[in-house]
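Down below is the structure, laid out as structure tokens.
The values are calculated or read from the model by the stated rules, or taken from the named source; none is laboratory data. These numbers come from a predicted model, not from an experiment. Backbone-built Cβ (ideal geometry, glycine too); neighbour counts: all protein chains shown. SASA here: full protein model, heavy atoms, side chains in, ligands and nucleic acids out. Shrake-Rupley method; radii C 1.70, N 1.55, O 1.52, S 1.80 Å.
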Amino acid sequence: MTARNPTPLPDGDREGTRSMGTTLMLVASAMMFGALLLLYYLLRVEAPEWPPAASRPLPRGLATLATVILFASSLTLEIGVRELRRARLERLATWIGATLALGFAFFFSIAFLWFELIQGGFESRNPHGGLFYVITAVHGAHLITALGLLIWLFLGARRRRFHGRRGVPVRLVGRFWHFLGVAWLLVYLTLFWS
């Protein structure tokens, strides 16, 4: 039996260690979101009334707008990654900047949604309200981390730090950002439409 050398990735992650680390982090995050959404469904099935009669309905319009914004940000980041692969480095910072702007728009949309719910008396003392706040806060914590990484990418892209074999961080942050989009879609469908 002969040992095979791993096929190097085109952007310098030769051993795949950074890719593997990101993948493991995404799997762990997926398990956390999965557990929270499963808990939500189990409590919903067992509850005599869901949501409780006193609960205010969740505003779907703002949540839908936020979802569209987040998916648009995935598109802009993917365009940026493609520009990096084509060695159009001058465009990378532009697309990452657009992703950042849309990411902050999503964040502030959800923050405004929370503000509206809290002002309207949406309770966190019952399982429905409590899980809403916990699940969206967990997504928000991941989002804040991703926005920090996007700021770092933006600053590096402006200095043309990412190119050729040094493009791994762009690809990996992109993977994390797209994961957050998929996670949000599941959260959105579960909390606002089920």
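Summary table below
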| quantity | calculated |
| --- | --- |
| Residue (of Phe33, Trp193, Val170) at the positive-pole extreme of the chain, dipole from beta-carbon charges | Val170 |
| Accessible-area ranking of Thr23, Thr99, largest first, probe 1.4 Å | Thr23, Thr99 |
| In the stretch 75-106, trypsin sites (Lys or Arg not before Pro) in a DSSP loop with at most 10 other beta-carbon atoms within 10 Å | Arg86 |
| Residue-normalised accessible area of the stretch 104-183, expressed per residue, 1.4 Å probe, Å² | 47 Å² |
| Cα-based equivalent ellipsoid of the chain: semi-axis lengths in Å, sorted from largest, via gyration tensor | 37, 21, 11 |
| The stretch 50-101, dipole about Cα centre (Lys/Arg Cβ +1, Asp/Glu Cβ -1), debye to the nearest 20 | 80 debye |
| Integer Hz, Karplus 6.51/-1.76/1.60 couplings in order for the stretch 86-97, x for Gly and Pro | 8, 6, 9, 5, 5, 8, 4, 4, 4, 6, 5, x |
| Sulfur and carbon atoms: percent of accessible area, the chain [1.4 Å] | 66 percent |
